[in-house]
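The values are calculated or read from the model by the stated rules, or taken from the named source; none is laboratory data. In this text the structure is predicted, and so the values were computed from the model without any measurement. Backbone-built Cβ (ideal geometry, glycine too); neighbour counts: all protein chains shown. Side chains are part of the model used for accessible areas, which takes the heavy atoms of the whole protein and leaves out ligands, DNA and RNA. Shrake-Rupley method; radii C 1.70, N 1.55, O 1.52, S 1.80 Å.
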Amino acid sequence: KTFAFCTPLLIEDNGKPQVVSPGAGMVGGYDPRSGKEIWRVEYDGYSVVPRPIYGHGLVFISTGFDSPAVLAIRPDGEGNVTESHVAWSLKRGAPHSPSMLLVGDELYMVSDRGVATCVDAKTGEMHWQQRLGGKYSASTIYADGKIFCLSEEGVGIVFAADKTFQELARNDLGEQALASYGVIDTDLLIRTEKHLYRIHSPQD
């Protein structure tokens, strides 16, 4: 349980760049020039997949398997800041695999078990939580005021990026799908078990 798969994120805090890299048991901020660790937050978790997000002066991560938690961390500390720089945390609905989305002041996530959640990114206050059905490995994407997600069963669900849950569309592709959406201009690329689809959306 000493492995992780997360893609690091380059951010700038107080005019200084740092690389945020979640791993097994901890997330750290690093000087990209020297590799020196600037800060760390420790947690119980491994096999971390979701990519970190930065906004509103906070780094948002999910801690991975076995019992994931979403942490909002102030990246302006030094050393071990586990007790001092975690602004808020959330366990119910935290994803093991899908990456989260920050849209304006709201943080959106879909758990592997199909629970969608919207919280206030600054405070962690929950706006809503909704069971979508199915299981999820693919990350969500945002476009035109909408959140797009794709279940492992191949069902594409679209809901509004809003403080109130509104499902806008549900489309069943009829076969397994594990990959996240790809995007070309206004078109969606969808890779299922046996097909690669390009869904065209005419531009105005």
If you count only protein heavy atoms with a 1.4 Å probe, what accessible area per residue comes out for the chain, rounded to a whole Å²? 51 Å²
Return the lysines within reach of LYS194: Cα separation strictly under 29 angstrom, same-chain partners fewer than 8 residues apart disregarded; answer none if there are no such residues. LYS135, LYS146
Once phi for every residue in segment 95-107 is put through the Karplus expression 6.51 cos²θ - 1.76 cosθ + 1.60 (θ = phi - 60°), the whole-Hz ³J(HN,Hα) values, with Gly and Pro written as x, are x, 7, 10, x, 6, 8, 10, 10, 10, x, 8, 10, 10
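Let me make sure I get this right: for segment 68-179, a, b and c are the square roots of the gyration tensor eigenvalues over alpha carbons, sorted descending. Under 1.5 in a/c it's rounded, otherwise prolate if a/b > b/c, else oblate. Which is it?
On the way: a/c = 2.48, a/b = 1.79, b/c = 1.38.
Prolate is the answer for segment 68-179, as a/c is 1.5 or above and a/b outweighs b/c.
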Residues whose placed amide H lies under 5 Å from that of ARG113, excluding near-sequence neighbours: TYR136
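Which net charge results for the neighbourhood of GLY104, defined as the other residues with beta-carbon distances under 15 angstrom from its beta-carbon, given Lys and Arg at +1 and Asp and Glu at -1?
In short, -3.
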Do any trypsin sites (Lys or Arg not before Pro) in segment 1-83 lie in a DSSP loop with no more than 12 other beta carbon atoms within 10 Å, and if so, which? LYS1, ARG33, LYS36
If I take every Cα pair under 8 Å that is 6 or more residues apart in the chain, average their sequence separation and divide by the length, what percent do I get for the relative contact order? 10 percent
What is the set of long-range amide H partners of ALA121 at a cut-off below 5 Å, with H atoms built 1.01 Å from backbone N? GLU106, LEU107
